Amino acid sequence: MSNQERIELLEVFKLKERFQQDEWEDRKYEMPSAEIIALMEQEVIRFTDFLISQLQAEVENIQTKTQLYFNAWDNEIFDQEQTEFIVEMEYEAMRIAGVNGDKLMI
């Protein structure tokens, strides 16, 4: 898949609705406030934009760049369950971008 095709798929991914009530119930997590959900959504969009920028720049090792992104990620406003849910949503974006999420330390 070309970088342009990946970018197009990531742009579509950004439009997807996430963190809906039924998803919280399926996970048996308590649904946070609308404000926290909006912040979680912003995190996913910000990460997806990061991946898009890496693909546009045709970086040599997007895997390493993604690890550095997570090393610098300030996620202290989210609890453990929220952080796990954000990362789970970001795994789809990683897959599209060609990043192996299983090899990252998050």
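The values are calculated or read from the model by the stated rules, or taken from the named source; none is laboratory data. Nothing here was measured: the structure is a model prediction, and the numbers come from that model. A quick note on method: Cβ atoms are made from the backbone with ideal geometry, for glycine too, and the neighbour counts reach across all protein chains shown. Surface accessibility is based on the protein's heavy atoms, side chains included, excluding ligands, DNA and RNA. Shrake-Rupley method; radii C 1.70, N 1.55, O 1.52, S 1.80 Å.
Within the full protein context, the accessible area of Lys103 is estimated at about 150 Å² for a probe radius of 1.4 Å.
Mean residue ellipticity, 222 nm, helices only, the chain: the sum of -39500 (n - 2.57) across DSSP H runs of n ≥ 4, divided by residue count and rounded to 500, is -21500 deg cm²/dmol.
For the chain, the per residue solvent-accessible surface stands at 62 Å², with DNA, RNA and ligands left out and a 1.4 Å probe. Ligands, DNA and RNA left out, the 1.4 Å accessible surface of the chain is 48% carbon and sulfur atoms. Each part reduced to its alpha carbon centroid, segment 1-20 and segment 52-106 end up 14 Å apart.
Whenever you get a sec, line up Arg46, Arg95, Arg18 from highest to lowest accessible area (probe 1.4 Å, protein heavy atoms).
Descending order: Arg95, Arg46, Arg18.
If you take all other residues with their beta carbon under 14 Å from the beta carbon of Leu51, and give Lys and Arg +1 and Asp and Glu -1, the sum is -3. The residue list Gln63, Met105, Asn75 was ranked by how far each Cα lies along the charge dipole of the chain toward its positive end, using unit charges on Cβ atoms, and Gln63 comes out on top.
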